[in-house]
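We did not get these values from a lab; they are worked out from the coordinates using the rules stated. In this text the structure is predicted, and so the values were computed from the model without any measurement. Neighbour counts run over all protein chains shown; Cβ positions are idealised from the backbone, glycine included.
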Amino acid sequence: MKRTSAVLALFVAAISLLSISCGTSDYVKSLTLSSSGGTAGGTYNLAGVDSTLQLQVIANYNSGKTLDVTNASTWNVTTVGSDQNGVALPPYGPTTVPINGTGLMTTEIDICTWTDVDEPVGTPPVPTPANPPVWAYTGYYQVTATYRNFTSQPVGVGVGSQTSNNSPIGGCGPS
C-alpha cells in the first residue's frame, strides 16, 4: 500500500508541475524592423558614398517581452522603382547595398533614388524643383528580416550617394 501511495503521490506531483506550466509558454508573435538612422517621416536613406544604416530586428513575444534578434535574422531585399534617371535599380548584392550579419547596410554604388518634387513657379507656371528640396523616392531597396519563420514588415531604403539631377542645392535625398 505504501508503494502505491508513493507512486500516486509522484504521479500527482508530476501532473501538478505540468499543469502549472500550461498556458505560460512564450512564443514570438511578430517582428519589428527599424533603424536608428531614420529621417523625418520615417524614411530611410543611405546618404553619401560609403554611408551606413544600422538595421535592428526586434522579436515581439506573446508575453509582451521584446528581444533584439538582429544577429540571428536573415535578410531579403528587392528593388522597387528606378534611379533618378528612370533606370532600373541594380539588384541587391555585395556590390550594391549589402547587409552584414549584424544588420549594417552600406552603400557600395553611386546612385540617387530620390528626386526633388517640382512645384509650379511663375506665370504661366513652370515646373521647378522645390527649394528647399521636397524629396520623393524614385526607387528604393525594400528590406524585410526573417527570424524563426516570421517575417518583418518591409521598410524602404533610398540611396543618395550621387548628386541629384534636379536639386537646386545639390545632394540627394534627406540627410
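Seen from GLY173, the other residues with C-beta closer than 14 Å to its C-beta sum to a net charge of -3, counting Lys and Arg as +1 and Asp and Glu as -1. Placing dummy labels 7 Å off each Cα toward the beta-carbon, the span from ASN60 to ALA130 is 3.0 nm.
Is region 19-149 best put as rounded, prolate or oblate by its Cα gyration tensor, with a ≥ b ≥ c the root eigenvalues, rounded for a/c under 1.5, and otherwise prolate when a/b is larger than b/c, oblate when not? It is prolate, given that a/c is not under 1.5 and a/b is the larger ratio.
Go ahead and run the numbers for FRET between THR74 and VAL49, Cβ-Cβ distance against an R0 of 30 Å, rounding to 0.05. Given R0 = 30 Å and the Cβ-Cβ separation, E is 0.65.
Taking amide H as placed 1.01 Å from N in the peptide plane, THR128 has its amide H under 5 Å from the amide H of GLU119, VAL121, each at least 5 places away in sequence or on another chain.
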